[in-house]
Structure formats: C-alpha cells, structure tokens
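What follows is a set of notes on a single structure, which appears directly below.
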Amino acid sequence: MEDSHVGRNMRSACVFAAARLGFLNEYLPEDRDPVHAWPVIIFVSFLALTALFLGAENQSPRELPKKVYIHPPTASHIRLPDGRNLAYSQQGVPAERARFSMISPHSFLSSRLAGIPGVKESLLEEFGVHLVTYDLPGFGESDPHPSRNLNSTAMDMLGLANAVGIPEKFWVVAHSSGGMHAWAALRYIPSKVAGAVMFAPMVNPYDASMTKEEKQKTWEKWSSKRKFLYILARKFPSFLPYFYSKSFLSGEHGEPENLLFLSLSKKDKALMGKPSFKEFWERNMEESVRQGDSKPFVEEAILQVSSWGFNLAELQAPKNPEGEGLLNWLKSFYSLTEREWTGFTGPIHIWQGSDDRVVPPSTTDFVRRVLPAATVHKLPGEGHFSYFCFCDECHRHIFSTILGTPRGPLDTMAEDQTASDAPTEEITGSHHSGVI
Ligand SMILES: *[C@@H]1O[C@H](CO)[C@@H](O)[C@H](O)[C@H]1NC(C)=O
C-alpha cells in the first residue's frame with residue numbers, strides 16, 4: 001500500500017515473469033545436445049514473453065473466455081460456537097437413518113459441491129450413507145475465519161457433525177489437498193472419526209519426517225510453476241494474491257492445468273474432456289471463488305506448507321514403545337500381531353493412481369512408511385482425478401471396500417415421516433444430472 005502503484009506493478013510483473021519463465025528449466029535437460037536445446041530455449045522464451053505481455057494487457061486473442069458466474073446461494077447453514085456461519089450440503093440418506101456418516105472437507109480450488117464428484121444418490125442409499133460436504137472458511141458461502149489453523153479445521157468438522165445430527169463417529173473423505181484437513185481430524189478429534197478414506201492425499205511437502213529421497217521424488221514430479229508457488233507460500237506469501245488474480249480469481253474460466261499449475265496424466269486429460277466433468281469443474285470452481293477474495297486461498301496455501309504442529313508419524317504410534325529387558329523381549333513374541341496403538345486407531349484407506357502427477361505415488365509411499373497401519377490401494381495407470389471423479393464402478397468399489405456388503409439405510413420406525421423433514425436443498429445442478 002505504501003509504495004506507488006507503478007512500483008508495485010513492476011515488482012509483481014518481475015515475479016510473474018520469473019514464474020512464467022520458470023518452466024524453461026524443464027527444457028534444459030543436461031543430456032541433450034545444446035545445438036538442439038538452443039532453438040527450443042529461444043522459441044520458448046519468445047512464447048513466454050508473448051504470453052507475459054498479452055497476460056499483462058489482459059487481452060488475449062483466444063476465443064472469448066467463459067466468465068465466472070456467481071450463482072444464487074443454495075447451501076444450508078449452521079452457526080458455529082464462535083458465531084461464524086458454516087455452509088454445508090447433504091447427500092444420501094438423512095442422518096437418523098444413516099448406517100454410515102461421512103464428512104468431506106474439500107481441496108484447494110473447490111467447495112461443498114465437490115464431495116465425491118458424480119457419486120450417485122442410489123449408491124449412497126444402497127450403502128446407507130449420509131454424506132456431508134461443507135465450504136471451508138472463506139470459500140463458497142462460509143464465513144471467513146480470522147485465524148485458521150489445523151486445530152480450528154478439526155473443530156469446524158466437529159461442530160458440523162454435531163449440528164447435522166451425526167450421532168457417533170463419521171468417516172472423513174478427502175481428495176488431494178483436502179487430505180490436509182482429514183489428517184487434522186485424525187490428529188485433533190481421533191475419537192470422533194470412524195475411518196479415513198483418502199484419494200491421493202497431500203502431505204506437507206516440508207514434512208520433517210520425510211527423507212531426502214522421498215522429498216526429491218515428490219518435488220521432481222511438479223512443474224516449476226507449482227514448485228515456485230510452494231516456495232512463495234512458504235517464504236513470500238504476500239505475492240500469492242497477484243498470481244491468484246491472474247488465474248482462478250481473474251473472473252474467467254480456464255483449463256484446470258493452467259488455473260492450478262498442474263501436470264496431468266493421460267487419464268486425467270481424458271476425464272477433463274468429458275462434458276460431465278467440465279460442467280462439474282466449472283460450477284465447483286465458481287462456488288470456490290464466490291467471495292472473490294484471495295485471503296482464504298492464501299491461508300490454505302500457507303497452511304499446506306507451514307508446520308502442521310504434528311508429523312503424520314505421530315497419528316498412530318505404538319502405545320508401549322518396546323522397552324529394554326528380558327520380559328519385554330519375551331512379551332514382544334506374543335504381541336507381534338496385536339501391537340497397541342495410540343492416537344487414531346480406526347482404518348485409513350488411501351487410493352493412489354500410479355500416474356498421478358499432482359500428488360505423485362512417492363507421497364503415498366511415504367505415508368505408508370510412517371503410518372504402517374494405513375491400507376494403500378494402488379491404481380495402475382490412474383491419475384489424480386480419474387478414479388475418484390465420475391466413475392460409478394470406482395465409487396461402488398470404494399464403498400464396498402470400506403463398508404462391506406450394502407445393507408441400505410437403517411430401518412427406523414420413522415420411515416414414513418421423512419417427507420416432513422426440512423425442504424430438500426439443491427446441492428448442485430450439475431452433480432445430479434441423470435439422477436432422480
Ligand atoms: C483446539 O481448539 C479447541 C477449541 O478452541 C481448544 O479447546 C483446544 O484446546 C485446541 N486444541 C489444541 C491441541 O490446540
């Protein structure tokens with residue numbers, strides 16, 4: 001604020017140029033013949049500079065970009081103990097008839113409209129699932145939080161569970177960076193969580209318990225821009241709003257790859273081309289940026305890369321670390337198979353695509369090393385979105401893996417009364433196309 005408009009713009013432009021040119025690194029593999037490399041470098045520099053100037057003018061000559069539309073509100077709301085409004089949606093069977101309740105915190109550029117993208121109401125009914133999704137603070141229709149952290153994120157989930165009448169425990173379902181909030185639930189409210197279902201969950205890229213090799217394997221899969229943004233979030237987060245204003249907060253739609261600086265696998269690209277996914281993505285993105293403020297996104301980015309206050313390794317720790325002495329040594333023979341754990345003791349299921357370039361498989365290998373009790377389901381050839389989104393067989397497979405044989409909703413005496421419940425809210429137009 002204190003410096004001049006021009007100075008500020010110049011500085012932002014420089015940082016932006018650095019980011020745009022950052023992907024040059026990828027065109028500089030050492031083992032290539034420099035004779036071939038130079039024309040590429042010059043060509044790419046030219047493209048990058050062109051993109052930069054066109055971007056700066058804010059007038060690209062491509063076909064008219066689709067504008068982001070802010071929809072009339074559709075969410076249900078609760079008031080949390082600290083007075084904030086939390087927006088949520090429900091799918092599947094009502095809480096009182098649910099055999100299983102699930103809460104799904106969303107990922108970075110997402111909202112309550114995501115949940116399990118494309119999941120059929122009939123499948124939720126069949127397994128007796130009550131699925132609750134919500135907008136993180138500052139996203140969608142939820143009020144911002146003045147000082148968000150991973151404990152407050154867990155407390156929000158707890159408040160939501162109580163408010164929507166989840167009687168006991170709930171499953172936490174998370175995809176990608178939504179995983180951060182799921183880890184938080186396992187850490188801060190373990191006794192409320194029945195189990196965790198995660199799809200390519202992100203871990204803190206700076207997690208102290210990651211070995212050098214593990215870090216390297218994860219970082220090398222990311223585009224230079226993405227690495228650059230992680231570094232910015234960690235070191236200079238005040239620059240983030242500028243980048244966001246040029247991508248998902250520009251008021252225009254774009255390809256997910258460009259909006260989020262992702263590299264996508266073949267299967268992911270195929271999914272992005274499907275009208276059902278496109279419609280879902282655009283509607284969900286419009287909901288995510290509803291408030292037009294970069295602050296919640298910056299908060300989220302900072303949370304992802306700053307110290308979480310816990311390591312994943314601490315989520316499930318052996319209760320009695322093997323002591324010294326003959327007696328303990330003898331005991332260990334008998335208790336090999338049933339070691340006792342503290343912290344979160346329920347199941348953790350992780351699905352991971354082998355061709356995921358957003359949260360690469362090395363991330364899940366790391367999780368498995370530090371959380372040996374987690375069950376990892378490897379998905380050959382799948383990407384970051386391809387298994388989790390708009391795949392009926394996959395959704396069925398996920399539910400039967402974690403919940404067993406479908407047994408429908410609970411049989412309650414009140415079955416006839418369900419019609420007199422609160423008016424059914426519209427969850428999303430796009431989501432339910434084809435579902436009655
Ligand atoms: C988390 O937040 C709640 C509610 O503000 C507080 O009571 C609790 O002590 C906090 N827990 C930790 C570990 O900070």
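Loop only per DSSP, at most 14 neighbouring Cβ atoms within 10 Å: give me the GluC sites (Glu not before Pro) in region 207-288, ordered by residue number.
Those satisfying the criteria are Glu220.
Starting from the Cα of Ala313, step 7 Å along the direction of its Cβ; do the same at Phe236; then give the gap between the two resulting points in nm.
In this crude spin-label approximation the distance works out to 3.3 nm.
One quarter of the convex hull surface, Cα atoms only: what value does that give for region 337-390 in nm²?
Value for region 337-390: 4.6 nm².
Among Tyr242, Ser223, Ala208, whose Cα lies farthest out toward the positive end of the dipole of region 207-258, if unit charges sit on the beta carbon of Lys, Arg (+1) and Asp, Glu (-1)?
Checked the options; the winner is Ala208.
GluC sites (Glu not before Pro), restricted to region 86-178: which are DSSP loop and have at most 11 other Cβ atoms within 10 Å?
Sites meeting the loop and neighbour criteria: Glu168.
Taking the simple approach of a point 7 Å from Cα along Cα-to-Cβ for both Ser147 and Ile302, what is their distance in nm?
For Ser147 paired with Ile302, the spin-label model returns 1.2 nm.
Grab the other residues whose beta carbon is less than 12 angstrom from that of Trp183, score K and R as +1, D and E as -1, and report the net.
-1
Could you tally the net charge around Leu123, taking each other residue with its Cβ under 9 Å from the Cβ of Leu123, Lys/Arg +1 and Asp/Glu -1?
Taking every Cβ under 9 Å from that of Leu123, the sum is -2.
A short reminder: the numbers here are calculations on the coordinates, not readings from a lab. Computed from a predicted model, the values in this text were never measured in an experiment. Ideal geometry is used to build each Cβ from the backbone, glycine not excepted, and the neighbour counts take in all protein chains shown.
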